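One structure below.
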Amino acid sequence: MEGEWSYAHDLVNMYLGIAYLADQKLDPEEERTFLVKFKEWMPHLSVDQFVEIWGEVQGLYDTLATDENRYALYLQSTLNVARLLEDSRDQLRCIIQDLVDIAAADGVLDDREATMIKASAIAYGLNIELSFDEDEKRVRLSFGD
């Protein structure tokens, strides 16, 4: 990797993980949602900077070879974000909401996506409930803390 691993890399890694790991495809709507969410957190980054970070994360992701290794990296990024934002439960809740929005952008909440989101919530000390509303094709997230 060219630069140092940063909070931006952790966010990209988490968002890529939730969008890709569960079903092994990056749905265009998940990718669009991912980019919108990332831009909300990092408005100061240019498109070129985002492309560079995306390339670095994707490059590392590709070298990991197995889903187990990629999932471990997802969890490491989750913990890095937890350490950075430990004093702001509201921001941690926002990250969980982002993960839900990205995972559900394709109209489905895969069991593996739900497990990954719940693992992140546990790492953040948050108690969540997830349910999928079939009629509205959307995920309902509630915080129990």
### When the convex hull of its Cα atoms is projected in every direction, mean area for region 15-96 (nm²)
5.7 nm²
### Query
Ranked from highest to lowest mean number of other Cβ atoms within 10 Å per residue, what is the order of the peptides 99-109, 59-69, 12-22?
12-22, 99-109, 59-69
### Phi to ³J(HN,Hα) by Karplus 6.51 cos²θ - 1.76 cosθ + 1.60 over region 101-115, Hz, x for Gly, Pro
4, 5, 4, 8, 4, 8, x, 9, 10, 5, 4, 5, 4, 4, 4
### Message
Using a 7 Å offset from the Cα along the Cα-to-Cβ direction at both ARG112 and ASP62, what is the distance between the two label points in nm, to one decimal?
### Response
2.0 nm
### Message
What's the magnitude of the charge dipole for the chain around its Cα centre, counting Lys and Arg as +1 and Asp and Glu as -1 at the beta-carbon? Answer in Debye, nearest 20.
### Response
280 debye
### Query
Percent relative contact order of the chain, based on C-alpha pairs within less than 8 angstrom and at least six residues apart?
28 percent
### Query
Averaged per residue, what accessible surface does region 1-81 expose to a 1.4 Å probe, in Å²?
50 Å²
### Message
Could you tell me which residue out of GLN58, ALA123, ILE95 lies farthest along the dipole of the chain toward its positive end? Charges go on the beta carbon: Lys and Arg +1, Asp and Glu -1, centred on the Cα centre.
### Response
ALA123
### Message
How large a share of the accessible area of the chain, in percent, is made up of carbon and sulfur atoms when the probe is 1.4 Å and the other protein chains stay in place?
### Response
51 percent
### GLN49 paired with ILE122, simple spin-label distance in nm, labels 7 Å along Cα-to-beta-carbon
3.5 nm
### Query
How would you classify region 63-145 from its alpha-carbon gyration tensor, with a ≥ b ≥ c the square roots of the eigenvalues: rounded for a/c under 1.5, else prolate if a/b is greater than b/c, otherwise oblate?
oblate
## Note on the structure
HN-Hα couplings for region 30-37 via Karplus (6.51, -1.76, 1.60; θ = phi - 60°), in whole Hz with x for Gly/Pro, come out as 5, 5, 4, 4, 3, 5, 4, 5
### Query
Using helices alone, what [θ] at 222 nm do you get for the chain, with -39,500 (n - 2.57) per DSSP H run of 4 or more residues, divided over all residues and rounded to the nearest 500?
-21000 deg cm²/dmol
### At R0 = 22 Å, FRET efficiency that the Cβ-Cβ distance of ASP23 and ASP87 yields, to 0.05
0.05
### Query
Which residue, SER88, SER120, SER77, has the most motion in a Gaussian network model of the chain that connects Cα atoms within less than 10 Å?
SER88
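The values are calculated or read from the model by the stated rules, or taken from the named source; none is laboratory data. Values in this document were obtained by computation on a predicted structure and should not be read as measured data. Ideal geometry is used to build each Cβ from the backbone, glycine not excepted, and the neighbour counts take in all protein chains shown. When the accessible area is computed, the model is the full protein with side chains, heavy atoms only, and any ligands, DNA or RNA have been set aside. Shrake-Rupley method; radii C 1.70, N 1.55, O 1.52, S 1.80 Å.
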